[in-house]
Each structure stands twice: as C-alpha cells, then as structure tokens.
1. Across region 244-267, what is the total count of residues that are touching a strand residue (DSSP E or B) at 6+ places or on another chain (Cβ under 9 Å) and among the hydrophobic types (A, V, I, L, M, F, W, C)?
2. Within region 556-582, can you find the residues that are touching a residue at least 24 places away in the same chain (Cβ under 8 Å), over 30 Å from ALA434 (Cβ atoms) and in a loop (DSSP other than H, G, I, E, B)?
3. Listed residues ASP469, ASP442; which is at pLDDT 95 or above and out of contact with any Asp or Glu (no Cβ under 7 Å at 6 or more places or on another chain)?
4. Just for helices (runs of 4 or more DSSP H) wholly inside region 90-190: which have at least 2 residues that are touching a Pro at 6+ places or on another chain (Cβ under 8 Å)?
5. Restricting attention to region 194-213, and to residues there that are in a strand (DSSP E or B) and under 25 Å from the mean Cα position of the chain (by Cα), which single residue is surrounded by the fewest Cβ atoms within 10 Å (Cβ to Cβ)?
6. Considering only residues that are surrounded by fewer than 21 Cβ atoms within 10 Å (Cβ to Cβ) and in contact with an Asp or Glu (Cβ under 8 Å, 6 or more places away or on another chain), which ones fall in region 214-236?
7. Name the residue, out of GLY675, GLY610, that is at positive phi, in a loop (DSSP other than H, G, I, E, B) and modelled with pLDDT of 95 or more.
8. Looking only at region 622-662, which residues are under 18 Å from GLU403 (Cβ atoms) and β-branched (Val, Ile, Thr)?
Amino acid sequence: MAEKLVKTHCGRFDHGGCGFVVLVRDGRLEQIRADKDDPYSKGYCCQKGLAAIERAYHPDRLELPLLRKGERGAGQWEQVSWERALDILAGEFRDAIGKGGPESVAFCQGAPKGLEFFILLRLANLLNTPNVGASQHVCHMPREQTALATCGFFPVPDYEAPTGCILLWGSDPVRTNEEGVLGGRFLDALRHGAKLIVVDPVRTDAARNARIWLQIRPGTDDLLAAGLLHVITTENLFDREFVEKWTSGFPELREAVRPFPPSVVAAGTGLSEDRIIEAARLYANSAPAMLHWGNAIEHSPNSSQTCRALVLLMALTGNLEVPGGNVKTELPNVMRPAELICLKKFPGRADKLLNRHHGIMPRLLTVPNWLLFRSILEQAPYPIKCLYMQGTNPLISCSGAQEVNRALRNLHFLAVSDIFMTPSASLADLVLPAATHLEFNDIGHYGLPHGHIFARPGAVDPAGSAWPDIKILNEWGKRMGLDQYFWDTEQEMLEEVLKPSGITYQEFAEQGMLSGKSRYYSYLEKGFATPSGKVELYSSLFEGWGYQPLPAVGPHAEVDAEFPFLLTTRKPRYFFHSGYRQIKRLRDRDPSPKIMIHPEAAGRLGISEGQAVRIQTKFGSIVQFAEISKAIDPGVVVADFGWWFPEKQEEGFAWTESNINCITSSNGPKDPVLGTVQLRAIPCRLESVS
C-alpha cells in the first residue's frame with residue numbers, strides 16, 4: 001500500500017491561505033489536517049477546507065465535457081472528448097471575432113482562486129477583447145482603487161506586529177477568513193491585548209467581545225466614517241506631525257466633515273452620540289491602531305467614498321505604514337501581474353472598456369458583471385455573442401438574477417468551466433469539468449496586495465477527465481493561434497511565474513510560501529505614490545476624473561409602511577458564495593437558507609423559529625426560514641446569500657426559491673466611481689408562509 005504526505009494550501013474557498021497536510025493512499029485522498037508548522041496559518045483551518053476530500057469524490061462532480069442537446073436549460077447533454085470541446089470553443093470564438101470583432105466575445109470570472117484569473121485576462125488581452133466581467137466592483141476594488149488614489153498603496157492590517165486597537169469594520173474574519181487575512185491571526189492579536197471596536201449591524205462573536213460595538217444601521221457606513229473624521233478633526237485627535245508633513249488637503253477635509261457632528265451621525269446611523277465619540281477617541285489614541293475592513297462596506301452605491309474615508313481615518317491618526325497599523329506590502333520577486341496578463345499587448349484597452357462607456361473608473365481590469373449582462377441584453381454599445389465563464393455562478397451571485405437569466409439565454413454561445421453543474425452552467429452550450437485544487441499544481445494569493453504567495457502542489461490526479469482551469473485556458477489559447485504566448489505544459493507556466501525568484505516550483509512547494517519585503521515608513525525615502533507625493537485627503541486624481549474629491553455622504557435607503565424592514569445579507573459560514581451546497585459535511589451544519597429576525601418583529605408578525613418566511617422587496621420575493629435572534633435591531637433583517645438547491649436539479653435547482661439576488665436589482669443607484677450596486681440596506685417586508 002503506497003502512502004505519501006503532501007503539504008499544500010487551501011484553494012477554491014476564497015484565495016486560500018491555510019496550510020494542509022494531505023494523506024494520499026494508493027493515489028486517492030484519504031485525510032486532510034491543518035498544518036501546525038505552516039508559517040502563516042499555524043494550524044488554523046476551517047470546516048470548508050477540511051471538506052475538500054468529499055468535494056473531490058462527490059458523485060455529482062463533472063468529469064467529462066458536456067455539449068448541449070435540445071433546448072437551452074433542458075438538461076440534455078452529450079459527452080464529448082476534450083479535443084472536440086476545445087475545437088468547438090475555439091471555433092465559436094474565432095467565428096464571432098471574425099464577424100463582429102474582438103468586442104463580440106466576453107469572459108466572466110468568479111472569485112479568483114489561483115492563476116486562472118490571470119491566464120483568463122492574458123487570453124482576453126491577446127484577443128484584444130475588453131469584456132472580462134467580474135465582481136471587483138463589489139469585492140476588493142472599492143478599497144484598493146480608492147486607497148491607491150489616496151495614498152498610493154493598499155493598506156493591509158499588520159498582524160505581524162503588536163497593535164493597541166483593532167477597528168473591525170464590516171468584517172467577521174473568524175467566519176470568513178476574507179482575502180487570506182485569517183481569523184486565527186485576528187484572535188491572536190486580541191489574546192495579546194489589542195482593544196477591539198466592531199462596526200456591524202449584527203452582534204457577531206467579535207462584537208460580543210468588543211470594547212465598543214457600533215451597531216450601525218445598514219448602508220450608513222459613509223455617514224459613520226464622516227462622523228469619526230469630524231470628531232478626530234474637531235477634537236484635535238489627529239497626528240499633527242504626520243498630517244502637516246505628509247498629507248495635503250487637511251483644511252478642505254475638515255470643512256467637508258463639519259456638517260457631520262455626532263448628533264447628525266447618531267440620527268442617521270442609529271448609534272448613540274457617546275458611542276461615536278468614544279470609538280473615535282479610542283481608535284485615535286491607541287497608537288498603533290489598525291483598521292481591518294471587510295467586503296461588506298463595498299455593497300452600497302457610495303462604496304468608493306466610504307472606502308476613501310476609511311483610508312483618511314488611517315492617515316489622520318498616523319497609522320499608515322507603522323508597525324501594528326495598516327501597512328504597505330510588496331509582492332515577492334516573481335513575474336509581475338501586468339506581464340503575466342500581457343497588458344501591453346492591448347494598448348487601447350482602457351478606452352474600449354464598457355466602464356468607459358458608462359463613466360466608471362477605467363483603471364479596473366474587469367467590467368462589473370451586471371454591466372456585462374446588461375450589455376448582452378441591450379447589445380450596446382456593441383453586440384456580444386459569445387461568453388466563457390469560469391468559477392462563477394452569476395444566476396446566484398450577481399445582482400438582478402432575473403436579468404442575468406435573460407442575458408445568458410440571449411447569447412449565441414455560452415461555455416462554462418466548473419466542478420459541479422450549477423444553475424448558470426445548466427444554461428450553457430458547452431460545460432467543461434474543472435479540477436479541484438488538490439488535483440493540480442498552482443500558486444495561491446498571486447496578484448493580491450498582501451505581500452505573499454502560497455504553494456499549492458497537487459496531491460492526486462484529477463477525477464475522471466477533469467482539467468485544471470489553467471490547462472483549459474492554455475490549450476484554448478494555442479488553438480486561437482496564440483502559441484507563442486502560451487506554454488507546452490502548465491508546469492512551464494508555473495516555472496516562468498517563479499523564475500525571477502530564482503527557485504523552481506518544487507523548491508517553492510518545499511518552502512510553502514514566498515513573501516515580499518515588509519518595510520515600515522517607506523514614505524520617508526520616496527514619499528507616497530500619489531501626484532503630490534503625500535496622502536491626498538483632497539484627491540487630485542478623483543477631481544481630475546470628475547469624481548467628488550472629498551468624502552461625501554448618502555443618500556441612504558428609507559423604510560416606509562409598505563416596506564418597513566431594512567434588509568441586509570450575510571455569507572453562511574460553511575459555504576463560499578454559492579458553492580458547495582451539495583457537500584454533506586457542510587450542508588448538515590447549515591441545511592437551509594435562513595433569515596435572522598428580531599423576536600419583537602417576529603412576535604408582531606406571528607413568525608416562529610424555523611417557519612418559512614416570504615421576503616418581498618420592490619424587485620420580487622423569495623422564501624427563507626426564520627432564525628429568531630436578539631443579535632440585530634428590530635427594524636433590520638439579515639438574509640442568507642448564495643442559496644440554490646443541487647438536490648432539485650429537475651426543478652432547475654430551484655434557483656429562484658431562496659436566492660437573495662432575485663430581490664436585488666442592477667437598475668437602482670450605483671456608485672459613480674466603481675459601479676457598485678445596492679446589495680445591502682434594501683427596504684423589504686416579511687410574511688409567514690404556511
């Protein structure tokens with residue numbers, strides 16, 4: 001009996017980061033355990049990662065390419081070889097480009113898991129197509145792009161050094177391990193004495209243990225940020241030396257936040273004046289202090305101003321680039337992302353983006369996915385005929401699900417790569433079986449601004465005839481006549497990415513991770529990477545692009561007699577976005593979609609624990625099951641995101657039954673900078689369902 005142990009890292013659940021030790025017996029996965037010797041995760045691992053074996057050997061996994069037979073969405077398929085599948089894929093895209101130009105084809109990506117997103121961008125850029133749809137407008141880019149414009153880098157919470165205070169805003173790291181900022185590192189900081197402020201409408205475990213919990217009204221983060229800036233500037237709590245030497249626009253900022261004293265902010269956010277003042281003083285006086293911000297702040301039409309205001313909080317208090325604050329990191333010495341995606345091979349890219357057509361910041365690598373689907377429906381500003389999607393399930397994860405459904409059905413040709421059949425994949429003409437992260441060599445956390453990458457060596461061969469996404473794209477690229485830009489094997493791809501570091505992939509796998517330089521106070525040498533060389537409290541870049549250069553607030557959603565509750569959402573702990581509801585180990589822990597309702601509201605409506613509840617917004621209705629809890633305000637409800645039912649395949653996976661994006665829309669207000677739509681703070685009403 002042949003056995004081996006393989007050290008690797010998690011993937012396919014966010015960008016990865018937790019170290020694994022995988023036992024392989026006779027070529028099969030037998031056991032996964034957290035790697036106590038991993039230098040980053042240090043033995044920390046969540047249930048999602050430990051479920052990887054059940055996912056790999058699940059009977060519903062896709063194992064052969066499938067070609068649609070019959071009506072779109074009817075579930076009738078013919079198994080085909082990879083040769084035929086790639087010929088069809090390349091042929092359809094070549095045909096569309098020949099007739100309508102590169103703008104007639106498009107790509108769509110879910111949350112990046114490894115190198116596959118960058119190889120997708122490489123193929124798109126080499127084809128000169130500007131249409132790569134993704135969720136960046138509601139995931140990471142509002143924080144990253146506004147920070148780049150303000151201070152020239154993305155400020156990462158520094159868990160490597162002791163900190164006096166953590167301002168945890170819109171994040172629940174123990175549940176989500178968002179972007180590789182692992183919950184274990186957050187808990188370690190608390191154990192070492194960091195004081196905690198939590199901004200969250202839900203009394204999470206972190207909120208229960210916080211020195212200050214700010215139970216904010218959903219969607220009013222911009223107002224609270226302006227209020228904290230008001231207190232810090234009026235009470236002179238700012239770092240005077242840093243502000244005078246290293247910022248520009250302080251007088252303008254002070255004037256801009258003058259209209260937001262604690263009394264005004266309290267009325268809009270549902271907080272008390274005392275708590276607002278107390279939080280501002282604690283954060284400002286705790287040097288060093290870090291601001292750990294999460295994805296939740298990027299889900300409203302004022303996300304860019306919210307995120308920029310939070311960068312200003314870091315700057316005013318002198319917590320940028322200091323140990324235990326928010327720091328600048330550098331990628332390890334590997335191939336730069338711009339080189340990997342062949343950005344220079346598409347010189348007119350920014351001008352051709354759909355973003356430019358709609359006035360959205362053209363610096364993004366992708367198009368907001370709602371905008372891509374809108375363009376497919378309207379065939380404007382040009383017709384889009386073919387779409388390739390990988391690692392994404394937009395019928396569930398994208399706002400305005402009914403519009404997405406119409407767009408996917410409106411395509412001439414749709415191809416999807418995934419591990420399982422999903423509601424979105426069921427509408428495809430061609431479905432390609434993707435390998436799981438334990439079945440191929442990959443590099444995790446590449447291209448993200450956290451200063452490290454993780455080795456993800458595969459442990460076993462892919463199930464059936466599944467291929468890694470990077471292999472699909474590599475072989476497809478060669479079939480498009482781009483042989484000189486792709487590799488003979490995916491292993492050569494990995495070696496080329498690592499080449500500047502001077503180590504091989506095997507050596508990388510033995511090390512486990514590579515980290516870039518971590519330096520503090522680098523601005524003392526070169527200043528900040530902004531036009532002025534300083535942190536721009538008044539943003540010259542925003543002003544030049546035609547956007548508001550100072551923090552702006554609102555408007556905010558209002559409830560009324562017809563829709564008396566404010567709806568926000570949460571990502572269930574045991575799933576990643578819309579993924580893995582078919583895995584028994586996880587589904588047993590969270591079997592059905594739930595909506596959290598305060599006991600007072602539930603009693604008034606006659607709703608009991610576990611009862612089916614209809615959630616109605618002006619865009620539609622869905623059904624979830626009541627979870628009665630005092631962890632929220634009586635006027636707020638919190639619904640689960642990402643639900644569909646793999647066991648109901650004959651009913652189209654019941655994708656409209658509990659899917660939160662059936663009651664969101666892309667037709668409402670949008671962030672003028674990044675195109676963010678309203679995914680939280682939506683007025684709704686509830687009724688019990690028999």
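1. So in region 244-267, the residues touching a strand residue (DSSP E or B) at 6+ places or on another chain (Cβ under 9 Å) come out as 246-249, 253.
From what's left, among the hydrophobic types (A, V, I, L, M, F, W, C): 246, 253.
Residues meeting the conditions: 2.
2. We begin by selecting, within region 556-582, every residue touching a residue at least 24 places away in the same chain (Cβ under 8 Å); these are 556-560, 562-582.
If we keep only those that are over 30 Å from ALA434 (Cβ atoms) as well, we get 556-560, 562-568.
Result: HIS556, ALA557, GLU558, VAL559, ASP560, GLU562, PHE563, PRO564.
3. Values: ASP469 fails: out of contact with any Asp or Glu (no Cβ under 7 Å at 6 or more places or on another chain).
Result of the check over ASP469, ASP442: ASP442.
4. Details: elements: 116-127, 141-151, 173-176.
Of the helices (runs of 4 or more DSSP H) lying wholly inside region 90-190, those with at least 2 residues that are touching a Pro at 6+ places or on another chain (Cβ under 8 Å) span 116-127, 141-151.
5. Here is the first cut: in region 194-213, the residues in a strand (DSSP E or B) are 195-199, 212-213.
Within this subset, residues satisfying the condition of being under 25 Å from the mean Cα position of the chain (by Cα) are 196-199, 213.
Values: LEU196: 20, ILE197: 24, VAL198: 28, VAL199: 29, TRP213: 22.
Here the residue is LEU196.
6. The answer is GLN215, and nothing else.
7. Values: GLY675 fails: modelled with pLDDT of 95 or more.
Result: GLY610 is the single residue among GLY675, GLY610 that is at positive phi, in a loop (DSSP other than H, G, I, E, B) and modelled with pLDDT of 95 or more.
8. If the condition is that a residue be under 18 Å from GLU403 (Cβ atoms) and β-branched (Val, Ile, Thr), then ILE622, THR656, ILE660 are the ones that fit.
The values are calculated or read from the model by the stated rules, or taken from the named source; none is laboratory data. What you are looking at is a predicted structure, and each value in this text was computed from that prediction instead of being measured. Glycine gets a Cβ as well: all are built from the backbone with ideal geometry, and neighbour counts include every protein chain shown.
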